[in-house]
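Below is one structure, written out as structure tokens; comments come after it.
The values are calculated or read from the model by the stated rules, or taken from the named source; none is laboratory data. Note that the coordinates shown come from a computational prediction; the quantities given were computed from them, not determined experimentally. Every residue, glycine as well, gets a Cβ built from its backbone with ideal geometry; the counts of neighbours run over all protein chains shown.
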Ligand code: GLY
Ligand code: MN
Ligand code: MN
């Protein structure tokens, strides 16, 4: 079986050209970008393989043991080093492109066997002003660079001149990854659509007496049924008190009537994450206190979404959400004092202790700095961020018992547009009315 090359290699080629142009602006050099290693799970069994996000962004090439080298200058070019074809290994593990197949299918200028990299790298490095490398992330990758550098230095009497600067290649790519191109946005829209179906199915299946893992299975079923390769992160299916554990992943509790169920789950499609949280009553109807908290979080999310537009800075959606939540906590008697005092002291953090979002893309917590030159980064069209306020109430003598164990988060994925933002995950029900209607109409078998 032949694994698929991307149907459209142009987006990957154009990213390589843009990175080369950026390197040239900085004086030129050579970039060395390896993919991820395979990782043993135990003995001879590996974790499912996933390419490194930076490498994928620039190549789309799916095999392990591959390194992309970009050489800037008059003869700027992209060279892939990858495994050779191997009839015996291909019988066991499947098709390999081999250098020539990879060059043709993925549009590299050149492709060479990975075994030649140690010898070729010093030749390619000599006379380049700088090495663009992600220093310190992987010991083997660092060793490859220092070994090659020393090989150039050792050849100095023959006239080889080693690069005298190491620059952070990831910093350059991070800036590119922050602004999604049309190819990326199309995939992220499809990922959002698959996650939407998964959440709807989960709502339809959840019922008192069922286990959280049954709901998790429903999510995974929807992801894979539509071709998503994996969950983008471990799915959180947290009922009752578990909803107040932010990174709960055991997913093994039997749900009870009266529970809320918080599901934070999104698929990874063609290496892009979706990240969606919905919270709903297992029995189909919110109780009064549950509804109070839910409506408050929903209002906080609406305020955050309204704050997303080009030119607004990164922290504005968070500030908007916090202000609504803090006022709501005051109104419900969860905190005391003036609004300013609650914001100033941070007492709202007893119930809302995380931030309102993060960049989203190839990584669920995606690449890109949040501050530039000490200031929050201004939002710009093409950026994708999550909007995920929440409220988590653990038992405490200072809190009315009716609110104990209520945990609510509502999370959507927002694409910044010239006018404001588009919610990629808007189709997934989130008003009280829409959720209760879906659950009432779902043909739910009792567990
Ligand atoms: N699911 C991870 C997050 O929401 O950040
Ligand atoms: Mn998130
Ligand atoms: Mn999430």
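Can you find, within the stretch 378-400, the residue that is farthest from the chain's Cα centre (by Cα) among those that are within 16 Å of ligand 3 (Cβ to nearest atom) and part of a loop (DSSP other than H, G, I, E, B)? This residue is 389.
Restricting the search to the stretch 267-295, which residues are within 16 Å of ligand 1 (Cβ to nearest atom) and either at pLDDT below 95 or assigned to a strand (DSSP E or B) (or both)?
Residues of the stretch 267-295 that are within 16 Å of ligand 1 (Cβ to nearest atom), as a first pass: 267-269, 272-279.
Scanning the stretch 267-295 gives 267, 268, 269, 272, 273, 277, 278, 279.
The set of residues in the stretch 38-80 being without any contact (Cβ under 8 Å) to a residue 24 or more places away in the chain, surrounded by fewer than 19 Cβ atoms within 10 Å (Cβ to Cβ) and either touching a helix residue (DSSP H, G or I) at 6+ places or on another chain (Cβ under 7 Å) or in a loop (DSSP other than H, G, I, E, B) (or both) consists of 39, 43, 44, 47, 49, 74, 75.
For the stretch 401-415, name all the residues that are within 16 Å of ligand 3 (Cβ to nearest atom) and within 16 Å of residue 361 (Cβ to Cβ).
411, 412, 413, 414
Please work out if residue 352 is at pLDDT 95 or above, within 16 Å of ligand 1 (Cβ to nearest atom) and either surrounded by 13 or more Cβ atoms within 10 Å (Cβ to Cβ) or assigned to a loop (DSSP other than H, G, I, E, B) (or both). Steps first, please.
Working: at pLDDT 95 or above: yes; within 16 Å of ligand 1 (Cβ to nearest atom): yes; either surrounded by 13 or more Cβ atoms within 10 Å (Cβ to Cβ) or assigned to a loop (DSSP other than H, G, I, E, B) (or both): yes.
Considered against the rule, which asks whether it is at pLDDT 95 or above, within 16 Å of ligand 1 (Cβ to nearest atom) and either surrounded by 13 or more Cβ atoms within 10 Å (Cβ to Cβ) or assigned to a loop (DSSP other than H, G, I, E, B) (or both), residue 352 comes out as yes.
Every residue in the stretch 253-266 that is more than 12 Å from ligand 1 (Cβ to nearest atom) and in a strand (DSSP E or B), please. Answer for the stretch 253-266, where residues must be more than 12 Å from ligand 1 (Cβ to nearest atom) and in a strand (DSSP E or B): 254, 260, 261. The number of residues in the stretch 197-216 being surrounded by fewer than 21 Cβ atoms within 10 Å (Cβ to Cβ) and assigned to a helix (DSSP H, G or I) comes to 7. Listed by first and then second residue, the pairs linking a residue in the stretch 187-207 that is over 17 Å from residue 430 (Cβ atoms) to a residue that is part of a helix (DSSP H, G or I) and modelled with pLDDT of 95 or more, with Cβ atoms under 7 Å apart and 6 or more places separating them unless they lie on different chains, are 194/222; 194/223; 205/214; 205/215; 205/218.
Across the stretch 15-37, what is the total count of residues that are more than 22 Å from the chain's Cα centre (by Cα) and surrounded by 11 or more Cβ atoms within 10 Å (Cβ to Cβ)? Give the steps one after another, and end with the answer.
From the stretch 15-37, those more than 22 Å from the chain's Cα centre (by Cα) are 17-18, 20-32; that's our starting set.
When the remaining residues are screened for being surrounded by 11 or more Cβ atoms within 10 Å (Cβ to Cβ), the result is 17-18, 20-24, 26-32.
The total comes to 14.
Taking the options 364, 432, name whichever one is more than 17 Å from residue 175 (Cβ to Cβ), crowded, with 17+ Cβ neighbours inside 10 Å, at pLDDT 95 or above and away from ligand 3 (no atom under 16 Å from the Cβ).
Values: 364 fails: away from ligand 3 (no atom under 16 Å from the Cβ).
The match here is 432.
Being within 19 Å of the chain's Cα centre (by Cα), part of a helix (DSSP H, G or I) and within 16 Å of ligand 2 (Cβ to nearest atom) narrows it down to one residue among 246, 219; which is it?
Details: 246 fails: part of a helix (DSSP H, G or I).
Answer to the check: 219.
Scanning the stretch 229-252 for residues that are buried (at least 24 other Cβ atoms within 10 Å of the Cβ) and more than 15 Å from ligand 1 (Cβ to nearest atom) gives a single hit, 239. Within the stretch 302-319, is even one residue more than 16 Å from ligand 3 (Cβ to nearest atom), surrounded by 18 or more Cβ atoms within 10 Å (Cβ to Cβ) and within 16 Å of residue 405 (Cβ to Cβ)? So far as the stretch 302-319 goes, no, none of its residues is more than 16 Å from ligand 3 (Cβ to nearest atom), surrounded by 18 or more Cβ atoms within 10 Å (Cβ to Cβ) and within 16 Å of residue 405 (Cβ to Cβ).
Table: residues versus (1) in contact (Cβ under 8 Å) with a residue 60 or more places away in the chain; (2) more than 14 Å from ligand 1 (Cβ to nearest atom); (3) assigned to a loop (DSSP other than H, G, I, E, B).
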position	(1), (2), (3)
309	yes, yes, yes
323	no, yes, no
348	no, yes, no
364	yes, no, yes
368	yes, yes, yes
402	yes, yes, no
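Confirm whether residue 171 is under 22 Å from the mean Cα position of the chain (by Cα) and closer than 20 Å to residue 29 by Cα. So residue 171 fits the description; yes.
Taken over the stretch 412-429, the residue count meeting the criterion of being closer than 15 Å to residue 184 by Cα and in a loop (DSSP other than H, G, I, E, B) is 2.
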